[in-house]
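Let me begin by presenting the structure, written as structure tokens, before commenting on it.
The values are calculated or read from the model by the stated rules, or taken from the named source; none is laboratory data. Note that this is a predicted model, so its numbers are computed, not measured. Backbone-built Cβ (ideal geometry, glycine too); neighbour counts: all protein chains shown. With ligands, DNA and RNA removed, areas are computed over all heavy atoms of the protein, side chains included. Shrake-Rupley method; radii C 1.70, N 1.55, O 1.52, S 1.80 Å.
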Amino acid sequence: MNTPDMRSLIDELAEDSAPVQPMRKGRGLAQALAAFVVTVAVVLVLLGARSGLMEGEFSAFFVVTNLLLLLLGIACTLAVVAMASPRVGAEHDGPRWAMVMAAVIPVAGVAAVAGHAGPVPYHWDEPLCVLFGLIAAMIAGSVQFRWLKRGAPVSPERAGLMLGTGAGALGTVAYGLSCPFNSVIHLGLWHAAPVIVAALVGRFVLARYMRW
Amino acid sequence: MVAPVTGDEATLARLMRAAQTGDKRAYAALLEEVARWLRRYFRRRIAPERIDDLVQDVLVSLHTKRATYDPARAFFPWLAAIARYRWLDHLRADYRGRTSELHEDSAAEESDEDVVIARVSLDRLFEQLAPAQAEVIELVRIEGCSIAEASERTGQSQSLVKVNIHRGLKKLSALVEKAN
């Protein structure tokens, strides 16, 4: 039996109810995809495509790195979109496996540095990849951030981590289309760093804004 | 006058879909039924005098976040996720010193949705905790015992009681969507 207080609250809420547009998964994914396309377009227009991109002139590790990051970005995006509409029984294990697979990238980078004979090759503008990757991540992740803010994530820390990781991965993939470097050391270090930084920002900063 | 509704999954899902289109009568009927369901759901998992507060918080959250219900999915798992989230908020709130007898709610009735309720129940969530963590959370955060009393009753040191509560609540918050 509901108390008078409860009935009064129910009446107020019912009176206040206006039509709302349900947050369907398909719409969230479409928005995330659009944001990624915009990110790629911005990178290509402002920074230009790397030479030989259309001709297929890139290393095998460049392909592996970007495919793994793209997979990670997709897995995290699927989780983020789903987390906005919570339900008991939901599983968000995809990103975990994608993270394990993507960990190959920095591991390969560190191994390449460790096994490199002589001074490790370094170019002054390599760290810029981290900066540009993070800027691209902000564009790619902004729509997902808004989606989660509007939604009801019940594990804000996890949602923040997925958001940061996914945005970092997608941003790095987008920027990678412009980056001229091919080496395992470069990709393993400077293209893994923005993903790690974005993941930490998502987990420890953005997660605070996910509470409701 | 809205006809009395039964609290089964199909009916509540239909009412929720209608509520999302702005149907106030359907929404009121839904909230009435949800409030009753929540009282059963929180039974023995929150101090009795706090049940009304908690149920009202969940209703307000449901209202604020009603767009997050996906009409293509079941209703109870969505409602339970929101209920668990708010319940954890209440568990985190400090109300040590309150001592209340947990009552047997005579209004609790078995319904056809028992399977669904069991799957989304708070008991299932508690089963994920280490026994020592579940025990002290129940004593301190639900029954309202002091840390010293919980320490005496469980044989854990006072600092261990605090650590177990902290770790247990942290683990619970990561398991809000867990079903089994």
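Summary of values
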| read-out | value |
| --- | --- |
| Pairs with Cβ under 7 Å, 6+ apart, first in the range B:9-34 and assigned by TED's automatic domain parsing to the domain that holds B:Pro77 and under 17 Å from B:Ala67 (Cα atoms), second basic (Lys, Arg) and surrounded by 17 or more Cβ atoms within 10 Å (Cβ to Cβ) | B:Ala19/B:Arg66; B:Gln20/B:Arg66 |
| Hits in the range A:113-143 (condition: open to solvent by less than 30 Å² (accessible area, probe 1.4 Å) and in a helix (DSSP H, G or I)) | A:Cys129, A:Val130, A:Gly133, A:Ala136, A:Ala137, A:Ala140, A:Gly141 |
| Neighbours by Cβ (under 7 Å, 6+ apart or cross-chain): first from the range A:21-46, assigned to a helix (DSSP H, G or I); second among the charged types (D, E, K, R) and open to solvent by less than 70 Å² (accessible area, probe 1.4 Å) | A:Lys25/B:Asp70 |
| Number of positions in the range A:144-157 that are part of a helix (DSSP H, G or I) and crowded, with 23+ Cβ neighbours inside 10 Å | 3 |
| Search result, residues across the range A:1-20 that are outside any loop (DSSP other than H, G, I, E, B) and open to solvent by less than 40 Å² (accessible area, probe 1.4 Å) | A:Met6, A:Leu9, A:Ile10, A:Leu13, A:Ala14 |
| Residues that are facing chain A (nearest Cβ under 10 Å), open to solvent by 30 Å² or more (accessible area, probe 1.4 Å) and in a helix (DSSP H, G or I), drawn from the range B:10-22 | B:Arg17 |
| In the range A:21-50, residue nearest to A:Asn182 (Cα to Cα) [restricted to those that are within 7 Å of chain B (Cβ to nearest Cβ) and open to solvent by less than 50 Å² (accessible area, probe 1.4 Å)] | A:Met23 |
